[in-house]
Amino acid sequence: MTGLGGLYGVARTAATDLGAIGYAPGSAPPRSATSGVVRFDPERAAPGVNLLTSGDRAEAELRALDGTLLHTWALPYTAHVHLPPIEGEHQAPWRRVLLLADGGLLAIHDGRALVRLRADSTPVWASALRAHHDLALTTDAATGEPRIVVLTRGERTVPAVNPHQPIVDDRVTTLDLRGNVLTELSLWDAFSASEFAPLLADLTVRVGDVMHSNTLEVLDGRLAERHPAFRAGNWLVCARDLDLVFVVDPLAERIVWLTGGPWRGPHHPTVTPRGTLLVFDNLGNEGDSRLVELEVSGGAVVSMWAPERRSDFSTQFCGVAAPLPNGNILVTESCRGRSFELSPEGELVWEYLSPRRAGPGERYVAALFEVERLAENHPGVRAALAR
């Protein structure tokens with residue numbers, strides 16, 4: 001196995017349905033008859049609990065590192081009477097959830113809605129915003145009030161791209177915790193207003209989902225000394241179908257930093273504790289996956305990680321790589337329903353295989369959208385477990 005080094009020591013087509021994200025609840029057969037936690041080194045794994053979301057239902061689980069179920073949140077899309085109905089049997093699963101201090105959740109019904117619920121899963125509010133992929137909490141600089149920022153989408157016709165058919169317009173929408181929309185910024189407009197606008201002339205896909213943004217991280221300013229674009233409050237975004245990672249200044253309403261890389265179909269760029277970017281490269285390892293670490297000041301690749309047999313790590317969509325406080329990396333290999341934790345030396349110290357199944361005859365493992373490691377003293381964890 002290749003050591004982490006700097007990490008601490010499919011073809012794509014345009015969407016025909018502009019309103020659909022299109023992720024299957026499951027797409028890969030189970031790799032093993034075994035499921036649950038199959039590897040756990042308590043001395044080397046980062047402490048905490050895991051928050052899991054799966055592609056087969058609108059549900060989130062809180063589990064101990066040994067796999068013990070601690071708490072469950074569940075509320076199907078159809079329970080929200082004010083949301084538009086969905087045709088067919090689409091489950092509208094929770095693509096991403098965010099645990100609040102009161103033990104409740106913000107949850108994205110992928111491509112359909114953003115909802116807030118209490119620790120007991122009763123609804124607080126539901127918004128028919130076409131939220132997708134990712135969200136974050138931030139603080140209003142002027143008022144000090146908490147704010148939700150979330151990826152949303154609409155459609156628009158851009159004559160320079162396609163004068164006859166609309167494209168997906170990815171946006172970042174800001175809301176208060178009561179669900180009121182406060183602002184909205186088109187990422188297309190932020191791109192067009194920036195020095196990087198000429199890159200849009202080279203779009204490969206000119207109908208449907210031309211950008212496919214999939215990540216939204218509010219920067220905390222840790223990298224501002226290395227590059228001013230990374231000041232606190234700016235947004236780190238990934239556009240999968242452009243193979244680009246960029247930073248948006250929401251005050252200037254434009255992109256202020258951008259980079260490509262050795263990746264294809266990337267997901268989840270995130271700032272590491274040591275001042276680099278960690279990117280989940282879905283397809284860049286000859287069609288399989290790897291992790292890429294990037295230096296932000298010059299865009300140089302610091303390191304890459306993949307197992308010796310590259311097919312042992314492969315997910316065509318989704319995927320998360322999250323730095324942990326002890327220097328490990330928590331990885332979610334979504335298509336295969338797998339999550340694992342890497343030490344700085346690239347050794348597996350924790351591994352989980354989802355028992356969830358999906359598809360005809362439950363022949364596939366359910367997509368594991370994300371496993372997030374939370375501290376046991378996280379206010380939301382304490383509140384949820386106190387019920």
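Here the alpha carbons of the chain define both size measures, Rg and Dmax, at 19.8, 60 Å. Here the mean projected area of the convex hull built on the C-alpha positions of the stretch 176-289 is 8.5 nm².
Two decimals is fine: what's Rg over Rh for the stretch 292-387, C-alpha atoms, Kirkwood radius as Rh?
Rg/Rh: 1.04.
Between Thr68 and Ala224, the contour length at 0.36 nm per residue exceeds the Cα-Cα span by 52.1 nm. Rounded to the nearest 20, the size of the Cβ-charge dipole of the chain about its Cα centre is 480 debye, with Lys and Arg at +1 and Asp and Glu at -1. Using a/c under 1.5 as the rounded threshold, could you call the stretch 144-238 rounded, prolate or oblate? The axes a ≥ b ≥ c are square roots of the C-alpha gyration tensor eigenvalues, and prolate needs a/b larger than b/c, oblate otherwise. Oblate is the answer for the stretch 144-238, as a/c is 1.5 or above yet b/c matches or exceeds a/b. Taking amide hydrogens as placed 1.01 Å from N in the peptide plane, the amide H of Leu244 sits under 5 Å from those of Ala239, each at least 5 positions away in sequence or on another chain. The modelled label-to-label distance for the pair Thr122/Ala300, using points 7 Å beyond Cα in the direction of Cβ, is 5.8 nm. What the pair-distance distribution of the stretch 137-178 shows, using all Cα-Cα distances binned every 5 Å from zero, is 6, 21, 18, 14, 11, 9, 10, 9, 2 percent.
Would you mind counting up the charge near Pro325? Only other residues with Cβ under 15 Å from its Cβ, with Lys and Arg at +1 and Asp and Glu at -1. If you can, show how the numbers build up before the last one.
Values: positive: Arg44, Arg222, Arg274, Arg373; negative: Asp220, Glu341, Glu372, Glu376.
Surrounding charge for Pro325 is 0.
Fewest first, what order do His227, His212, His109, His82 take by the number of other Cβ atoms within 10 Å?
Working: His227 16, His212 22, His109 26, His82 10.
Listed from fewest to most nearby Cβ atoms, that is His82, His227, His212, His109.
Only one residue of Val181, Pro198, Leu236 has its Cα farthest out toward the positive end of the dipole of the stretch 158-262, where Lys and Arg carry +1 and Asp and Glu -1 on Cβ, and that residue is Leu236.
Among the GluC sites (Glu not before Pro) found in the stretch 105-208, those both in a DSSP coil and sparsely packed, with 15 or fewer other Cβ atoms within 10 Å of their Cβ, are Glu195. In plain terms, the chain from Arg44 to Gln165 could stretch by 38.3 nm, reckoned as 0.36 nm per residue minus the Cα-Cα distance.
Read-outs throughout are calculated quantities, based only on the coordinates presented, and are distinct from any laboratory measurement. Predicted, not measured: the structure shown is a model, and the values here were computed from it. Please note: Cβ atoms are built from the backbone with ideal geometry, for glycine as well, and neighbour counts cover all protein chains shown.
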